[in-house]
């Protein structure tokens, strides 16, 4: 019952030097405002973040683990997709 | 328990600092009592977070109070007191906190209502103190204000959801507000000592903060569908050390270790 009143939310934090929000965990909250506050309290206690996203867990569409082989196995033999077959000119610097 | 309490020379500034520090420490201790007992994990972390904010503010104020107290002696003496002595070696009659801060936690609605009513004044008070003629106090206020703004937002959002929630949560929130309202008057008191600080621009006149407090309370209560209690008889006495029966047991638990083993470290 209480779990229906406080649905599950997924929390994403953008760190000080990070460009993208990263998934850090989940929490229960009554609505979006309370979820943001709880995310601040639970996941940014050590100065981790500059920005928070919260997303209802029900809004996430996940791939089926059963499809794992079909989805991911074919890439295993395509090593040429890794950018490791050419030299980076020195003038380019750190990429 | 052989350790005796310390004597404190309470000049207006020392008293003004102790009153604010004691507010913060006593409320911090009450909130810390929720640690491990809160209804959900999220609040089990959120309430001690607020407690730690308040504890930090109390430490800064005690440290400053100890320095001011030392300088007030004739001739001035090196600080004998420190933050630990002021927190652990004063008994309940020497504590200067407003009575609302020592109210027992009660149910979750009581804890939230207590935090909301306290923060609704504490937040504008810290904001005003950022303009204090006392630079050290202004610096402490600048840090405390960011924290109190969050305490106010957190407790207000909860109060709105409790008041405008289920029939049961509404009843409990209204009962909490009704029970705590008679403790709000004391927060606006200004005796001669406080008046001396107001007249020298060190602290703001609490009467001037009343409209801000009223606006906050009225708008949150309206959204929470709670009825604002009438301003009737108000409790008083905490600022001069006359406390309820609840402070003594709290201090006993808080102080037993440093009083039993003076100077203990761990």
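Considering each residue of region B:138-147, count those that are in contact with a helix residue (DSSP H, G or I) (Cβ under 6 Å, 6 or more places away or on another chain) and touching a residue at least 40 places away in the same chain (Cβ under 8 Å), and give that number. Reasoning before the result, please.
Just the residues of region B:138-147 that are in contact with a helix residue (DSSP H, G or I) (Cβ under 6 Å, 6 or more places away or on another chain), to begin with: B:140-141, B:144-145, B:147.
So of that shortlist, the ones also touching a residue at least 40 places away in the same chain (Cβ under 8 Å) come out as B:140, B:144, B:147.
Residues meeting the conditions: 3.
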Scanning region B:233-266 for residues that are modelled with pLDDT of 95 or more and assigned to a loop (DSSP other than H, G, I, E, B) gives B:233, B:234, B:235, B:236, B:237, B:241, B:242, B:243, B:244, B:245, B:246
How many residues does region B:45-57 hold that are surrounded by fewer than 17 Cβ atoms within 10 Å (Cβ to Cβ) and farther than 10 Å from residue B:21 by Cα?
1
For a quick check of your reading: which helices (runs of 4 or more DSSP H) sit entirely within chain A and have at least 2 residues that are within 14 Å of chain B (Cβ to nearest Cβ)?
A:2-5, A:32-43
Among the residues of region B:13-46, how many are touching a residue at least 40 places away in the same chain (Cβ under 8 Å), within 14 Å of another protein chain (Cβ to nearest Cβ) and under 16 Å from residue B:250 (Cβ atoms)?
2
Would you point out the residue of region A:44-58, among those that are closer than 23 Å to residue A:19 by Cβ and out of contact with any helix residue (DSSP H, G or I) (no Cβ under 8 Å at 6 or more places or on another chain), that is surrounded by the fewest Cβ atoms within 10 Å (Cβ to Cβ)?
A:46
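Is it true that residue B:60 is in contact (Cβ under 8 Å) with a residue 60 or more places away in the chain and either more than 14 Å from chain A (Cβ to nearest Cβ) or buried (at least 20 other Cβ atoms within 10 Å of the Cβ) (or both)?
Yes; evaluated as a whole, the condition is true for this residue.
The values are calculated or read from the model by the stated rules, or taken from the named source; none is laboratory data. All of these numbers come straight from a predicted model, not from anything done at the bench. Positions of Cβ are backbone-derived with ideal geometry, glycine not excepted, and every protein chain shown enters the neighbour counts.
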